[in-house]
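No lab work stands behind these numbers, since they all come straight from the coordinates. Just so you know, these numbers come straight off a predicted model, no measurement behind them. Backbone-built Cβ (ideal geometry, glycine too); neighbour counts: all protein chains shown.
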Amino acid sequence: MPHDGHDHLSSSGHPFRKDNDTPLTYWQLMEISVRELMITKGEFSSTEINKQIEIMDARTPANGSALVARAWSDPEFKKRLLKNGAEAARELGFDIGPMHLIAVENTEHVHNLIVCTLCSCYPRNLLGFPPDWYKTKEYRSRAVKEPRSVLEEFGLVLPAEINLRVHDSTADMRYIVLPMRPKWTHEMNENDLARLISRDSMIGTSIIGSNP
């Protein structure tokens, strides 16, 4: 799985690379050079870098699923999430830093889709690393120009009467979709609900299906 340019480090600070025959890119060389310089100057240690990488790797869509499941189960928490997504995430113990998080709710009349037209800004603290397709130029451009066609390619065909809203993330502001809770889940507990919620449903390229 891509890790956005970082390689896992040995105890000496040097990266482990699966394919030693593949030449390093300019940016990989720059990252290694700057990292080694900072370690040499004592700004931080390779152990500290490894710890931060482990924290980043531990972020998965399960965090976002837990957030959504709590909102589905607790109406008051849902209100707080829609009012201030960052504070609501912190309530559940998710450290999202200074990021301004906005939760947008899908309803019977509105469907939301998330994109970053400039690069690949994404609520990684809640959803882990973005999927490769999210970072492609094609998705980033077409999601705002022809979002219904893009969704159809994901297998999601929205009725014409549904209002489709596209939200463009930035370096300081990220979005997460609060999917509609299916009616057939009314007797499910929070843990079971969380297992239903996929990464793509929190981006807006899918919905929670009917009762299997």
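Search the structure for amide H atoms under 5 Å from the amide H of Leu164, placed 1.01 Å from N in the peptide plane, and list their residues when 5 or more places away or on another chain.
Residues meeting the amide H criterion: His111.
The range 110-205: which GluC sites (Glu not before Pro) are DSSP loop and have at most 14 other beta-carbon atoms within 10 angstrom?
Hits after loop and neighbour filter: Glu161, Glu187.
What spacing in nm lies between the two simple spin-label points modelled at Glu76 and Ile32, each 7 Å away from Cα in the Cβ direction?
Spacing of the two 7 Å Cα→Cβ label points: 5.5 nm.
Would you please give the residues with an amide H less than 5 Å from that of Ile176, counting only those at least 5 places away or on a separate chain, with H modeled from the backbone geometry?
Amide H to amide H, under 5 Å and 5 or more residues apart or across chains, Ile176 pairs with Ile102, Ala103, Val104.
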